[in-house]
1. Expressed as a fraction of 2.2 N^0.38 Å, the rule-of-thumb size for a compact globular protein of N residues, what is the C-alpha radius of gyration of segment 1-42?
2. By a straight-distance test (C-alpha under 18 Å), which lysines pair with residue 95 as possible cross-link partners, with residues fewer than eight away in the same chain excluded?
3. If only Cα atoms are counted, what is the Rg of segment 1-117, and what is its Dmax, in Å?
4. So if we plug the beta-carbon distance of residue 67 and residue 90 into 1/(1 + (r/R0)^6) with R0 = 35 Å, what FRET efficiency do we get, rounded to 0.05?
5. What FRET efficiency do you get for residue 100 and residue 35 if R0 is 22 Å and r is their Cβ-Cβ distance, rounded to the nearest 0.05?
6. If I model a spin label as a point 7 Å beyond the Cα along the Cα-Cβ vector, how far apart are those points for residue 20 and residue 78 in nm?
7. Kindly provide the chymotrypsin sites (Phe, Trp or Tyr not before Pro) of segment 1-66 that DSSP labels as loop, not H, G, I, E or B, and whose Cβ sees at most 15 other Cβ atoms within 10 Å.
8. Once the piece of chain linking residue 13 and residue 50 is laid out straight, how much longer is it, given 0.36 nm per residue of separation minus the C-alpha distance between them?
Amino acid sequence: MSDVQKSPPARPVLTSAEPQLFVADIMASCDFFAQKLGFAIVFVYGEPPFYAQVRRDGARLNLRCVDAPLIDGARRERESLLSASITLATADEIKQLFLELQAAGVAFHQTLKAEPWGRGISSSGTRTATCCCSPVRPNDRLIRREGAHSRRREIT
């Protein structure tokens, strides 16, 4: 047995993150993530449901039900606030994931494209791509603006 002890790391190491997304309908959101995006539902909590978690591979997302939008709709459109960076193991997987989601009928606000900040390989040897998608329900109206889709919910 060795008397040598491992010294603690210089600082704590983050191993993952679980961002929280605010949604209007937990079950519709879980269905979208599972059926369209290939996530598995980890749990749904509350009666009626108000909190859930979905996962796909190493990615986990927490879903929290809110009664009203937390971000002003006009600001969201103007500043393109609906987006996410997805990190994949290889550059080939970026297009493969995009095509998979497209084949599942996912509506994209922005198509897959190279961005100046996304070129090259990160220090971990991975590449990132940015695309934006969101669930489109039958009562939603899609508005086309400069080649991008934005979703507006019609309240009846």
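Each reported figure results from applying straightforward, stated rules to the coordinates on display, with no laboratory input. Quick caveat, the model's predicted, so the values are computed rather than measured. Cβ coordinates were reconstructed from backbone atoms using ideal geometry, including for glycine residues, and neighbour counts include every protein chain displayed.
1. Values: Rg = 19.9 Å, N = 42, 2.2 N^0.38 = 9.1 Å.
Relative to the rule-of-thumb radius for its length, segment 1-42 sits at 2.19.
2. List returned: 36, 113.
3. Just the Cα atoms of segment 1-117 yield Rg and Dmax of 18.6, 65 Å.
4. Numbers: r = 41 Å, r/R0 = 1.18.
After rounding, the FRET efficiency stands at 0.25.
5. Details: r = 13 Å, r/R0 = 0.58.
Efficiency for this residue pair is about 0.95.
6. Placing both labels 7 Å along Cα→Cβ, they lie 2.7 nm apart.
7. Details: sites: 22, 32, 33, 39, 43, 45, 50, 51; in loops: 39, 50.
Those that pass, being in a loop and sparsely packed, are 50.
8. Details: separation 37, 0.36 × 37 = 13.32 nm, distance 3.08 nm.
10.2 nm is the gain from fully extending residue 13 to residue 50.
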